[in-house]
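See below for the structure under consideration.
The values are calculated or read from the model by the stated rules, or taken from the named source; none is laboratory data. Worth saying up front: this structure is predicted, and the values here are computed from it rather than measured. Reconstructed Cβ throughout: ideal geometry from the backbone, glycine too, with neighbour counts over all protein chains shown. Ligands, DNA and RNA are excluded from the accessible area calculation, which covers all protein heavy atoms including side chains. Shrake-Rupley method; radii C 1.70, N 1.55, O 1.52, S 1.80 Å.
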Amino acid sequence: MNPETIVFFENRLTPLSEARVGILTHALGFGTGVFEGLRAYWNEQENQLFLMRPREHFERWKRNCGILRIEVPHSADELAELTADLLRRNGFRGDVYIKPLAYKSSQRIGIHTDDQDAFAIVPMPAPAYLDSSKGLHAGVSSWRRIEDNAIPGRGKICGSYVNGVLASDDARRNGFDEAILLTEAGHVAEAASSNIFLVRHGSLITPPASENILEGITRASVMELARNELRVEVIERPVDRSELYVCDEIFFTGTMVEVAPVIRVDHRPVGTGEIGPLTAKLRHLYGQAVRGRLEAWRHWLMPVHIPNEPLGDQAGQ
Ligand SMILES: Cc1ncc(COP(=O)(O)O)c(C=O)c1O
């Protein structure tokens, strides 16, 4: 991470190296933060950065903050503008990952909360995450996905990510690329930090929101692409563990992993053991859409740079 990166922190622009919180911050002690993760994609031909569905991400963030009664005092559109401004100031010319984080900010040791909230938005060059180009080997975790009545998994609540950390750490140490978590009832929920889709009998199947999943924006985008571009039926229904072993294709979706093919599960090949045709098509379509190369999906994108202005002159400093 470049310490010079300009971030938004405590209502001002500041270098990342100066965006620090105290050791007794409530969110650090108890996990009482809510974060988001969104991306901007660089389009070389157009010399343009496109924020992918920023309104949806910021609306989800604000709603999720409401679960913890954290207030973000801006509209989703204002937050998208603020983010675009940050990207311009940093002069990024490549894919960017942006982490908004709202949190209980008072310095205290008691568990009860007050109304002292803060938020930050940190952009960074998109990190290399999980190389899925040749397909992943996933393992079903012995850790179960957190229940909605314990810590709502749809909330992107900082503390709840211990669940995914335990599962993915275990999976990697056991030789898998990523973990798949089941619900307490034994149904497939999702991967450690992405949603899951299966292909069976030509249809796309994914667990519904009521299976303790994070309601992914990539998941929603892929469902739209499948229905509208490929005329493929998409079914949201509970998924048994053993369906992972008998289906034709599996892939994960998420802002970080995009559309990531899974070619082995628990040491068994998925379908033919190669990247499946529907997965490959959706991966390609998604990759085209997020870079603004599909006219029909440009409404997902917010251009960051102002046309006819040299990129370097937009720093506003
Ligand atoms: C637990 C979990 N599930 C699913 C996702 C995918 O969500 P999205 O597509 O909105 O990035 C994420 C990514 O943030 C996640 O953390």
Within the range 12-43, residues under 21 Å from GLU215 (Cβ atoms) and of a type in the set (A, V, I, L, M) come out as VAL34, LEU38
When (1) closer than 18 Å to THR218 by Cα; (2) within 13 Å of the ligand (Cβ to nearest atom) are applied to SER132, the one that fails is (2)
Of (1) in contact with a strand residue (DSSP E or B) (Cβ under 8 Å, 6 or more places away or on another chain); (2) away from the ligand (no atom under 15 Å from the Cβ), ASP85 fails just (1)
Please work out if PRO123 is under 18 Å from the mean Cα position of the chain (by Cα) and not hydroxyl-bearing (Ser, Thr, Tyr). yes
Taking the range 213-233 and the residues there that are charged (D, E, K, R) and within 10 Å of the chain's Cα centre (by Cα), the one that is farthest from the ligand (Cβ to nearest atom) would be GLU215
Q: Answer with yes or no whether ILE109 is open to solvent by 20 Å² or more (accessible area, probe 1.4 Å), in contact (Cβ under 8 Å) with a residue 24 or more places away in the chain, among the aliphatic types (A, V, I, L, M) and more than 18 Å from GLY37 (Cα to Cα).
A: yes
Exercise for the section: Within the range 118-137, identify whether any single residue is out of contact with any helix residue (DSSP H, G or I) (no Cβ under 8 Å at 6 or more places or on another chain), farther than 30 Å from THR279 by Cβ and modelled with pLDDT under 95, and answer yes or no. Expected result: no
Among the residues of the range 113-142, the number that are within 20 Å of TYR245 (Cβ to Cβ) and open to solvent by 60 Å² or more (accessible area, probe 1.4 Å) is 1
When every residue in the range 178-202 that is away from the ligand (no atom under 16 Å from the Cβ) and within 20 Å of ILE263 (Cβ to Cβ) is compared, the one surrounded by the most Cβ atoms within 10 Å (Cβ to Cβ) is VAL199
Here the residues within the range 234-263 that are touching a helix residue (DSSP H, G or I) at 6+ places or on another chain (Cβ under 7 Å) and either assigned to a strand (DSSP E or B) or away from the ligand (no atom under 15 Å from the Cβ) (or both) are VAL234, PRO238, GLU249, ILE250, PHE251, THR253, GLY254, GLU258, VAL259, PRO261
* Asked: Going by the structure shown, is ALA80 modelled with pLDDT of 95 or more, closer than 29 Å to TYR245 by Cβ and within 21 Å of the chain's Cα centre (by Cα)?
  -> no
Checked the range 275-308 for anything more than 20 Å from VAL199 (Cα to Cα), part of a helix (DSSP H, G or I) and in contact with a helix residue (DSSP H, G or I) (Cβ under 6 Å, 6 or more places away or on another chain); matches are ALA289, TRP297
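Restricting attention to the range 237-262, and to residues there that are out of contact with any strand residue (DSSP E or B) (no Cβ under 7 Å at 6 or more places or on another chain) and at negative phi, which single residue is least open to solvent (accessible area, probe 1.4 Å)?
VAL257
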